[in-house]
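One structure below.
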């Protein structure tokens with residue numbers, strides 16, 4: 001994991017992913033919001049799914065939405081959460097669609113980016 005130390009080192013498209021993930025989290029009142037950008041530039045946004053019979057992280061849900069919509073690759077992903085790390089299962093879902101080098105940006109509930117990890 002790489003800490004993001006500059007005030008705003010993210011490119012505008014990556015910043016947009018964090019903004020969308022933050023909005024999903026707030027709008028749905030869920031612990032996590034996530035957004036992914038596919039290889040054509042389309043974005044998919046999701047929140048945590050917590051049903052009695054189905055539990056999915058926000059990032060796993062966003063990746064599933066991308067796949068269900070026909071995406072064949074990912075450029076980047078973002079998660080807004082209070083957690084301090086991206087779980088291995090979520091990184092694996094991103095890796096399955098985007099490859100090992102796909103960046104996953106981690107941000108706190110206020111949208112401040114704290115780290116970037118690769119899906120690998």
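The values are calculated or read from the model by the stated rules, or taken from the named source; none is laboratory data. Just so it is clear, the model here is predicted, and its values are computed rather than measured. All Cβ positions, even for glycine, are placed from backbone atoms using ideal geometry, and neighbour counts span all protein chains on display.
One table, with the values for the structure above:
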item: Pairs where the first residue, in the stretch 36-56, is over 15 Å from residue 66 (Cα atoms) and the second is part of a loop (DSSP other than H, G, I, E, B), C-beta under 7 Å, 6+ apart; result: 48/30; 48/31; 48/32; 48/57
item: Residue match in the stretch 4-11 (condition: farther than 21 Å from residue 114 by Cα and more than 13 Å from the chain's Cα centre (by Cα)); result: no
item: Pairs, first assigned to a helix (DSSP H, G or I) in the stretch 92-110, second modelled with pLDDT under 95 and surrounded by fewer than 22 Cβ atoms within 10 Å (Cβ to Cβ), C-beta under 8 Å, six or more apart; result: 95/120
item: Single residue of 89, 60 found to be in contact with a helix residue (DSSP H, G or I) (Cβ under 8 Å, 6 or more places away or on another chain) and either in a loop (DSSP other than H, G, I, E, B) or surrounded by 15 or more Cβ atoms within 10 Å (Cβ to Cβ) (or both); result: 60
item: Meets criteria (modelled with pLDDT of 95 or more, surrounded by 23 or more Cβ atoms within 10 Å (Cβ to Cβ), touching a strand residue (DSSP E or B) at 6+ places or on another chain (Cβ under 7 Å) and under 16 Å from residue 76 (Cα atoms)) for residue 47; result: no
item: Check on residue 36, modelled with pLDDT of 95 or more, crowded, with 19+ Cβ neighbours inside 10 Å, assigned to a strand (DSSP E or B) and in contact with a strand residue (DSSP E or B) (Cβ under 8 Å, 6 or more places away or on another chain); result: yes
item: Failed condition for residue 20, given (1) touching a residue at least 24 places away in the same chain (Cβ under 8 Å); (2) surrounded by 13 or more Cβ atoms within 10 Å (Cβ to Cβ); (3) in contact with a helix residue (DSSP H, G or I) (Cβ under 9 Å, 6 or more places away or on another chain); result: (3)
